[in-house]
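The values are calculated or read from the model by the stated rules, or taken from the named source; none is laboratory data. The shown structure was predicted, so the numbers you read here are calculated from the model rather than taken from an experiment. Glycine gets a Cβ as well: all are built from the backbone with ideal geometry, and neighbour counts include every protein chain shown. In case anyone asks, the SASA skips ligands and DNA or RNA and just uses the protein heavy atoms, side chains included. Shrake-Rupley method; radii C 1.70, N 1.55, O 1.52, S 1.80 Å.
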Amino acid sequence: MSEEKEEASFSILTIYDDPEERGSVPESPGISSQHEHHTQSQLDEVCGPLQQLPGSLAQCGPVFQEVSCVTPQQWVPQALDRSELQVPWFSEVESEEAEPGPSSPPGLGFAQLCPSPPPSEEVRSLLRAIPPIPDEAVVRQRTPRGSWKVGKLHHGKKVYAVAVSGSTHHVYTCGHGYIRVWNESALHAWDQAPQAQLNLQDHQNCVLTCKLFPDEQRLITGGLSQTLTLWDLAPTPRIRAQLASTGPMCYSLAISSNAQICLACFKGFVEIWDLQNQILIRKHEVPIYGSRCVDITGNKFWTGGEDTSLYSWDLRSYQRLQQHDLQHEILSITHDPSEEWLLVGLRMSDIIILHTHRKEKFKAVLHKYIHHHNLKFASCGSYFVTTQDESIHCLAAPSLQRLFQAEESTDILCCDVSSDNQYLVTGSKNSATVYQLLY
């Protein structure tokens, strides 16, 4: 596949604080409000206003009431916590040149819920016979309404990387010389000692990046050492294997959703590792100033850095697929759980939102020069966290409503959200701060 260079043309999105503000925000063509308005007008033509539906239909119980009050683009299966079905966010947006995909909006199929003419008496009788479903059984998507700072983990040195497990609520703080392990009781304390300290074999080594495996039973770390270290976390943390890398400093790591492939980003190249067999598949050259960050979505991987360009690569042929000029230095890359949308954090604090398959690009513009920009998508897919120097912003997806904001006294170097969506942990100068998410 030939390389395609994309020009920096983005639809501009606005981060807002109150739902009322959403109505006054001008949106770019193709954004959800226009699709919703058009679809709803057609529904009204077909069915009439919702309150004019036959009375017996409105008595079908909480499920119908729940469905009848949502907008068309919200008509998707939603679930709570880790069992949630992954719903592609920004799925209502579709460009003219895009082909239909799994994230296409349901569209007028929603009109089947309120047929015209009114249902026959036989249908009415059948609907009356359906028992009401308890309200607690109606599956809804959750987003946190706030956060509560509950603890401080004293690492002793700068925390360059952090990981938090949703299954055990253990936190791993990484930095120079060692990794510290904290159990759940330490998350709600301010001066508790770590459960364990894992000393690195080379005391001059510094862990700059870490990733939990999807099953949260293993951890991989990289940094100022020509090795990537695989750790078994249960029953007690220990080194499983050390992978001899070819670069002196690993900036970023990414693991495929099936935990078979690991990408390690070095200056000028990316190492592609087979984690099952612990062998190096390929040392893949990338632009020397476009290798600060790496992420993987399906059969593509993405790199970016100081040269302000975002590159996508085919994981099978290793050809460069696209190059997006983002005009500012790239500091972080992450994806949503469906792997259909990519978030890119820039030096100017802007957030780029990019579809991984279709030509859909958006930008949330903040215009503030920052030194550190971290992004983390929640496993449920309904929100993500962005940290920009001392500030924490939790934003709903896809609406970009600001769910909460917090400030710290020093720059935040890293962050992670537990897979059960209960904790947010940030790493900074010599400690990590624990926030419990409130729903």
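Show the residue pairs meeting these rules: Cβ distance below 9 Å; 6+ apart or different chains; first residue within region 304-326 and more than 11 Å from Gly290 (Cα to Cα); second residue basic (Lys, Arg) and surrounded by fewer than 17 Cβ atoms within 10 Å (Cβ to Cβ).
Tyr318/Arg282; Gln322/Lys5; His324/Lys5; Asp325/Lys5
Applying the selection to region 197-220, what residues are within 15 Å of Ala264 (Cα to Cα), under 17 Å from the mean Cα position of the chain (by Cα) and either among the aromatic types (Phe, Trp, Tyr) or open to solvent by 40 Å² or more (accessible area, probe 1.4 Å) (or both)?
Those that are within 15 Å of Ala264 (Cα to Cα), under 17 Å from the mean Cα position of the chain (by Cα) and either among the aromatic types (Phe, Trp, Tyr) or open to solvent by 40 Å² or more (accessible area, probe 1.4 Å) (or both): Lys211, Phe213.
Inside region 175-213, can you point out the residues that are part of a loop (DSSP other than H, G, I, E, B) and under 22 Å from Ser332 (Cβ atoms)?
Selection gives Gly175, Phe213.
For region 380-392, which positions are within 19 Å of Ile12 (Cα to Cα) and either of a type in the set (Asp, Glu) or surrounded by fewer than 19 Cβ atoms within 10 Å (Cβ to Cβ) (or both)?
Across region 380-392, there are no qualifying residues.
Could you list, in sequence order, all residues of region 221-245 that are out of contact with any Lys or Arg (no Cβ under 9 Å at 6 or more places or on another chain), hydrophobic (A, V, I, L, M, F, W, C) and surrounded by 16 or more Cβ atoms within 10 Å (Cβ to Cβ)?
Leu224, Leu228, Leu243
Six or more apart or on different chains, Cβ under 7 Å: which pairs go from a residue in region 225-247 that's in contact (Cβ under 8 Å) with a residue 40 or more places away in the chain to one that's part of a strand (DSSP E or B) and among the small types (Gly, Ala, Ser)? Could you list them?
Matching pairs, first to second residue: Leu228/Gly222; Leu228/Ala264; Leu230/Ala241; Pro237/Ala196.
Has region 332-342 got at least one residue that is assigned to a strand (DSSP E or B) and of a type in the set (Phe, Trp, Tyr)?
Yes; the residues of region 332-342 include at least one that is assigned to a strand (DSSP E or B) and of a type in the set (Phe, Trp, Tyr).
I need every pair where a residue in region 395-417 that is acidic (Asp, Glu) has its Cβ under 7 Å from the Cβ of a residue that is open to solvent by 40 Å² or more (accessible area, probe 1.4 Å), sequence separation at least 6 or different chains.
Glu407/Glu390; Glu408/Glu390; Asp411/His371; Asp411/His372; Asp411/Glu390; Asp416/Lys376
Taking the criterion of being more than 29 Å from Trp148 (Cα to Cα) and touching a residue at least 60 places away in the same chain (Cβ under 8 Å), would at least one residue in region 200-218 satisfy it?
Looking for residues that are more than 29 Å from Trp148 (Cα to Cα) and touching a residue at least 60 places away in the same chain (Cβ under 8 Å), one finds none in region 200-218, hence no.
On the phi < 0 side of the Ramachandran plot, touching a Lys or Arg at 6+ places or on another chain (Cβ under 7 Å) and open to solvent by less than 40 Å² (accessible area, probe 1.4 Å) - does that describe any residue in region 334-343? Step through it out loud before you land on a result.
We begin by selecting, within region 334-343, every residue on the phi < 0 side of the Ramachandran plot; these are 334-338, 340-343.
Still in the list and also touching a Lys or Arg at 6+ places or on another chain (Cβ under 7 Å): 334.
Pick out the ones that are also open to solvent by less than 40 Å² (accessible area, probe 1.4 Å) and you get 334.
Yes, because at least one residue in region 334-343 is on the phi < 0 side of the Ramachandran plot, touching a Lys or Arg at 6+ places or on another chain (Cβ under 7 Å) and open to solvent by less than 40 Å² (accessible area, probe 1.4 Å).
Among the residues of region 362-370, are any more than 25 Å from Leu208 (Cα to Cα), touching a strand residue (DSSP E or B) at 6+ places or on another chain (Cβ under 7 Å), in contact (Cβ under 8 Å) with a residue 24 or more places away in the chain and open to solvent by 10 Å² or more (accessible area, probe 1.4 Å)?
Yes, there is a match, as at least one residue in region 362-370 is more than 25 Å from Leu208 (Cα to Cα), touching a strand residue (DSSP E or B) at 6+ places or on another chain (Cβ under 7 Å), in contact (Cβ under 8 Å) with a residue 24 or more places away in the chain and open to solvent by 10 Å² or more (accessible area, probe 1.4 Å).
Within region 160-194, track down each residue that is polar (S, T, N, Q) and closer than 21 Å to Lys149 by Cβ.
Ser165, Thr173, Asn183, Ser185, Gln192, listed by residue number.
Going by the structure shown, is Tyr172 farther than 26 Å from His284 by Cβ and either surrounded by 14 or more Cβ atoms within 10 Å (Cβ to Cβ) or touching a Leu at 6+ places or on another chain (Cβ under 9 Å) (or both)?
Yes.
Return only the number of the condition from (1) of a type outside the set (Phe, Trp, Tyr); (2) on the phi < 0 side of the Ramachandran plot; (3) not in a strand (DSSP E or B) that Glu216 does not satisfy.
Glu216 satisfies every listed condition except (2).
Checking the structure you have, find out if any residue of region 395-418 is more than 30 Å from His188 (Cα to Cα), part of a loop (DSSP other than H, G, I, E, B) and among the polar types (S, T, N, Q). Write out each step before concluding.
The first filter runs over region 395-418 and keeps only residues more than 30 Å from His188 (Cα to Cα), leaving 398-399.
Among the residues that remain, those that are also part of a loop (DSSP other than H, G, I, E, B) are: 398-399.
Cutting the leftovers down to among the polar types (S, T, N, Q) gives us 399.
Checking region 395-418: at least one residue is more than 30 Å from His188 (Cα to Cα), part of a loop (DSSP other than H, G, I, E, B) and among the polar types (S, T, N, Q).
Just checking, does region 344-361 include any residue being among the hydroxyl-bearing types (Ser, Thr, Tyr) and touching a residue at least 40 places away in the same chain (Cβ under 8 Å)? Steps first, please.
Within region 344-361, the first condition is being among the hydroxyl-bearing types (Ser, Thr, Tyr), and the residues that meet it are 349, 356.
Applying the additional criterion that residues be touching a residue at least 40 places away in the same chain (Cβ under 8 Å) yields 356.
Yes, the conditions are met somewhere in region 344-361.
Does region 284-295 contain any residue that is among the hydroxyl-bearing types (Ser, Thr, Tyr) and not in a loop (DSSP other than H, G, I, E, B)?
So far as region 284-295 goes, no, none of its residues is among the hydroxyl-bearing types (Ser, Thr, Tyr) and not in a loop (DSSP other than H, G, I, E, B).
Given the structure, is Gln276 farther than 20 Å from His170 by Cα, over 23 Å from the mean Cα position of the chain (by Cα) and either touching a residue at least 12 places away in the same chain (Cβ under 8 Å) or exposed (fewer than 15 other Cβ atoms within 10 Å of the Cβ) (or both)?
When the stated conditions are applied, Gln276 passes them.
Which ones in region 279-322 are open to solvent by less than 30 Å² (accessible area, probe 1.4 Å) and more than 24 Å from the chain's Cα centre (by Cα)?
Of everything in region 279-322, those that are open to solvent by less than 30 Å² (accessible area, probe 1.4 Å) and more than 24 Å from the chain's Cα centre (by Cα) turn out to be His284, Val286.
For region 296-328, how many residues meet the condition of being outside any strand (DSSP E or B) and touching a Ser or Thr at 6+ places or on another chain (Cβ under 6 Å)?
Number of matching residues: 4.
Tell me, yes or no, whether region 147-162 has at least one residue that is aromatic (Phe, Trp, Tyr), open to solvent by 20 Å² or more (accessible area, probe 1.4 Å) and closer than 14 Å to Asp416 by Cβ. Step through it out loud before you land on a result.
Quick first cut of region 147-162, residues aromatic (Phe, Trp, Tyr) only: 148, 160.
Cutting the leftovers down to open to solvent by 20 Å² or more (accessible area, probe 1.4 Å) gives us 148, 160.
From the residues that got through so far, the ones that are closer than 14 Å to Asp416 by Cβ too are 160.
Yes, some residue in region 147-162 is aromatic (Phe, Trp, Tyr), open to solvent by 20 Å² or more (accessible area, probe 1.4 Å) and closer than 14 Å to Asp416 by Cβ.
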